[in-house]
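Computed from the coordinates by the stated procedures, all read-outs in this text should not be read as laboratory data. Since this is a predicted model, take the numbers as computed values, not measurements. Glycine gets a Cβ as well: all are built from the backbone with ideal geometry, and neighbour counts include every protein chain shown.
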Amino acid sequence: KNEVEQSPQNLTAQEGEFITINCSYSVGISALHWLQQHPGGGIVSLFMLSSGKKKHGRLIATINIQEKHSSLHITASHPRDSAVYICAVRTGTASKLTFGTGTRLQVTL
Amino acid sequence: EPEVTQTPSHQVTQMGQEVILRCVPISNHLYFYWYRQILGQKVEFLVSFYNNEISEKSEIFDDQFSVERPDGSNFTLKIRSTKLEDSAMYFCASSRAGGYTFGSGTRLTVV
């Protein structure tokens, strides 16, 4: 069974700050997803990673397979980035995702 | 951009009643899923569906739950006799080549 841990659980930042959210998992994976969940509840896929680094706008996701660790960075944070950020992993040939508990981010002016 | 559509967005039902949650996945996706999120908790896997049959299910997905793809486009989750603890947000998702798209969810409230 794969355990997915995220830190911090809650994060408050001022607009413009650089933000890092961490995710660790316990067993080997085939892919890791970073997801965003807004207060209304809907889930949006941000990244899918199996190695290295991906960038989309102000968001950067990295993964270290050997250390079983991934980070999501937000540069120049903005209040509209306020959401819950969730790490989820796929293991082996299974297609289902195992979710972390999420990191609640609030960005203030 | 293609979307996964879920209906209804909110459903209130009495304990013991049957409910059907509906989803229209992205048309060229191959895998379909139901997940649920109890308020304040993490998202949990219920069931995956591939090639017109269940490919994997969790311990949560007991005999009270069933899934169907009745007409090649809709994907439904039925809960036969709802319990208070079935109250949750239910998400449908579809995937292709590993990339996931989630629906906006159905909030089910059992009273």
> Listed highest first by mean packing, meaning other Cβ atoms within 10 Å per residue, what order do A:68-74, B:102-108, A:57-63 come in?
Replying inline: B:102-108, A:68-74, A:57-63
>> Net charge around residue B:88, counting only other residues with Cβ within less than 13 Å of its Cβ (Lys, Arg = +1; Asp, Glu = -1)?
In response: +1
> What are the residues whose amide H is under 5 Å from the amide H of residue A:46, where those residues sit 5 or more places off or on another chain and H is modelled from the backbone?
Replying inline: A:34, A:35, A:36
>> Explain nothing, just the number: dipole magnitude of chain B about its Cα centre with +1 on each Lys and Arg Cβ and -1 on each Asp and Glu Cβ, in debye rounded to the nearest 20.
In response: 180 debye
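So how strong a dipole does chain A carry about its Cα centre when Lys and Arg Cβ are +1 and Asp and Glu Cβ are -1, to the nearest 20 debye? All intermediate terms of the calculation are to be shown ahead of the outcome.
Details: 10 positive and 6 negative charges, 69 e Å.
Dipole of chain A, to the nearest 20 debye: 320 debye.
Over chain A, what relative contact order in percent results from Cα pairs under 8 Å that are six or more residues apart? Working shown, then result.
On the way: 280 pairs, mean separation 40.8, N = 109.
Relative contact order, chain A: 37 percent.
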> On alpha-carbon atoms, Rg over Rh for segment A:55-109 using Kirkwood Rh?
Replying inline: 1.03
>> Less than 12 Å Cβ to Cβ from residue B:42, Lys/Arg counted +1 and Asp/Glu -1: what total charge do the surrounding residues give?
In response: -2
> In segment B:1-80, which GluC sites (Glu not before Pro) are in a loop and have at most 15 other Cβ atoms within 10 Å, using DSSP for the loop call?
Replying inline: B:3, B:18, B:59
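Looking at segment A:12-56 from every direction and averaging, what is the projected area of its Cα convex hull in nm²? Can you show the working numbers first?
Numbers: hull surface 18.9 nm².
The Cα convex hull of segment A:12-56, projected and averaged over all directions, gives 4.7 nm².
Taking the square root of 5 times each eigenvalue of the Cα gyration tensor, what semi-axes in Å does the equivalent ellipsoid of chain B have, largest first? It would help to have the intermediate numbers written out before the result.
On the way: eigenvalues 96, 40, 35 Å².
One finds semi-axes of 22, 14, 13 Å for chain B.
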> Any idea what the relative contact order of segment B:13-94 is, in percent, if you count C-alpha pairs under 8 Å spaced at least 6 apart?
Replying inline: 44 percent
> Once the Cα atoms of segment B:12-72 are picked out, what are the Rg and Dmax in Å?
Replying inline: 12.8, 36
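What average count of beta carbons from other chains do you get within 10 Å of the Cβ of residues in B:87-96?
2
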> Remind me, what semi-axes does chain A give for its equivalent ellipsoid, largest first in whole Å, using sqrt of 5 times each Cα gyration tensor eigenvalue?
Replying inline: 23, 14, 12
> When the Cα centres of segment A:1-43 and segment B:50-111 are compared, how far apart do they sit, in Å?
Replying inline: 24 Å
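Tally the DSSP beta bridges in the protein assembly as shown and give the antiparallel ones as a percent, rounded to 5.
On the way: 75 of 84 bridges.
Antiparallel: roughly 90 percent of the beta bridges in the protein assembly as shown.
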